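Undergrad: Below is a structure I'd like to ask you about.
A short reminder: the numbers here are calculations on the coordinates, not readings from a lab. Please read these numbers as outputs of a predicted model, since none were measured by experiment. FYI the Cβ positions are ideal-geometry reconstructions off the backbone, even for glycines, and counts take in every protein chain you see.
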There are 2 protein chains.
Amino acid sequence: MKLLKERILNDGQTIGTDIVKVDSFLNHQIDVNLMDAIGKEFYEKFNNEGITKILTIEASGIAIGMAAARYFQTPVVFAKKTESKNLDKEVYTSEVFSFTKNKTYQVRVSKRYINPGDKVLIVDDFLANGKACQGLIEIIQEAKASVCGIGIVIEKGFQPGGAEIREQGYKLESLAIIDDIQEGNIKFRG
Amino acid sequence: MKLLKERILNDGQTIGTDIVKVDSFLNHQIDVNLMDAIGKEFYEKFNNEGITKILTIEASGIAIGMAAARYFQTPVVFAKKTESKNLDKEVYTSEVFSFTKNKTYQVRVSKRYINPGDKVLIVDDFLANGKACQGLIEIIQEAKASVCGIGIVIEKGFQPGGAEIREQGYKLESLAIIDDIQEGNIKFRG
């Protein structure tokens, strides 16, 4: 996605060889018009899949999920990372290790919001080691629903998550794949 | 907001006398069209305030912020509750006590995203004791920006947050104010 790649080059900040900060437009401050274009792009890539629900994970996935759900006209569900006394007791759970936060956390989705037969599109802002995404796949399988697509805004192509998910046979579409970061220069795939 | 109140009555679940769960459409599963109507309603209430930025708090505030920002055509910034190695070192912080989660946490916003002179609209899904909202007000003051409005989806009128914020002179607009929950019956103000 040209608009996104240009924005990453213009406003992203690299740190070392594996981090690109995009918090001026994607995951702390959000540019709603860019987000809308991202939602539309996912719709174009997955609108033949009969999607009935979009699943993402708090916090930064929520904006992506919202933007996509407007085009698909489906509900968006966000998996929760923290305990809350307001969350249902009946939940699907999976364990996820976060490299960014260096800890394992439990991801939860109320059983009421992913139903058997749902055709689910997973969306998220980043895919690196793919642990969050694998956690969401597990939850969808537990619910006897189908993973009908995975839409990622930025994939770190030099980390193994994307390759592993494609090997598992899922339709994974990343709007920008970064293959290399060297001395502040970002190299995109393709 | 009639549409919202009807939805709360139809799909909300009360627990005891102080909790109304709206996670089927507002803060776990999200109805994007209702959210869009909420964004539009905030725009109608605050579009004369010269808003330059929308500030909310993760996680469930993000969807509200996104919906509002589409109408205001401003960036939306969400305050972070967790440490991340990708967050700037230069941050505004405030301490917030959550009654729902029964703990104090630190709220952070990068200094780059709230600037002196910004006219900020705060939005959030719930206002009860008002601690999160007060935390965001503190951050805006620290940044030498102005709080030009506070838009809340559901205010618990039987808890003190709303009254305190109005006494401080802020323009607070809640789209539904619940004054009482008795035996599963929700009584709205007005």
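Undergrad: Could you give the alpha-carbon Rg of chain A over 2.2 N^0.38 Å, rounded to two decimals? Intermediate results must be reported in sequence, preceding the final value.
TA: Details: Rg = 15.9 Å, N = 190, 2.2 N^0.38 = 16.2 Å.
After normalising by residue count via 2.2 N^0.38 Å, the value is 0.98.
Undergrad: What percent of all Cα-Cα pairs in segment A:131-173 falls into each 5 Å bin, going from 0 up to the bin containing the maximum distance?
TA: Percent of Cα pairs in each bin: 5, 21, 34, 26, 9, 4, 0.
Undergrad: Among the chymotrypsin sites (Phe, Trp or Tyr not before Pro) within segment A:81-190, which fall in a DSSP loop and have no more than 14 other Cβ atoms within 10 Å of their own Cβ?
TA: Those satisfying the criteria are A:F99.
Undergrad: For segment A:40-91, which trypsin sites (Lys or Arg not before Pro) are both in a DSSP coil and crowded by at most 15 other Cβ atoms within 10 Å?
TA: A:K85, A:K89
Undergrad: Taking only the C-alpha atoms, wrap a convex hull around the protein assembly as shown and report its volume per residue in Å³ as a whole number.
TA: Measuring per residue, one finds 131 Å³ for the Cα hull of the protein assembly as shown.
Undergrad: Defining the label point at 7 Å along Cα→Cβ, can you sort the distances from B:E183 to the same site in each other copy, shortest first, in nm?
TA: The answer, with the shortest distance listed first, is 7.7 nm.
Undergrad: A follow-up question, please. Let me know the volume per residue of the alpha-carbon convex hull for segment B:1-107, in Å³.
TA: 138 Å³
Undergrad: So what are the ³J(HN,Hα) numbers for segment B:50-62, from phi and the Karplus equation (6.51, -1.76, 1.60; θ = phi - 60°), rounded to whole Hz, Gly and Pro as x?
TA: Result, rounded to whole Hz: x, 4, 10, 7, 10, 10, 9, 9, 5, 9, 6, x, 4.
Undergrad: Taking the Cβ of each residue in B:L3, B:L34, A:L121 as the centre, tally the other Cβ atoms inside 10 Å and list the residues starting with the fewest.
TA: Placing the least packed residue first, the sequence is B:L3, B:L34, A:L121.
Undergrad: When the distances between all Cα atoms of segment A:90-160 are binned every 10 Å from zero, what whole-number percent does each bin get?
TA: 20, 49, 27, 3
Undergrad: Just tell me which lysines come within less than 19 Å, Cα to Cα, of B:K53; anything on the same chain fewer than 8 places away is out.
TA: B:K40, B:K45, B:K80, B:K111, B:K119, B:K144, B:K171
Undergrad: Let me have the relative contact order for segment A:2-188, percent, based on Cα pairs under 8 Å that are six or more residues apart.
TA: After rounding, I find 20 percent.
Undergrad: I would also like to ask the following. Shielding of A:66-74 by partners, i.e. mean partner chain Cβ atoms within 10 Å per residue? Kindly include the intermediate steps, with their values, before the conclusion.
TA: Details: counts 11, 3, 1, 6, 7, 1, 1, 2, 2.
Partner Cβ neighbours, averaged per residue: 4.
Undergrad: Follow-up. Using alpha-carbon positions, what is the distance between the centroids of segment A:50-118 and segment A:127-170, in Å?
TA: The two parts, judged by their Cα centres, are 13 Å apart.
Undergrad: Okay, next question. Considering only DSSP beta bridges with both partners in segment B:30-154, what is the antiparallel share in %, to the nearest 5?
TA: Here the antiparallel bridges make up roughly 40 percent for segment B:30-154.
Undergrad: Take the Cα radius of gyration of segment B:52-114 and divide it by 2.2 N^0.38 Å, with N its residue count; two decimals is plenty.
TA: 1.17
Undergrad: Could you compute the longest span of chain A free of GluC sites (Glu not before Pro) located in DSSP loops and having at most 13 other Cβ atoms within 10 Å, not counting the site residues?
TA: A:91-182
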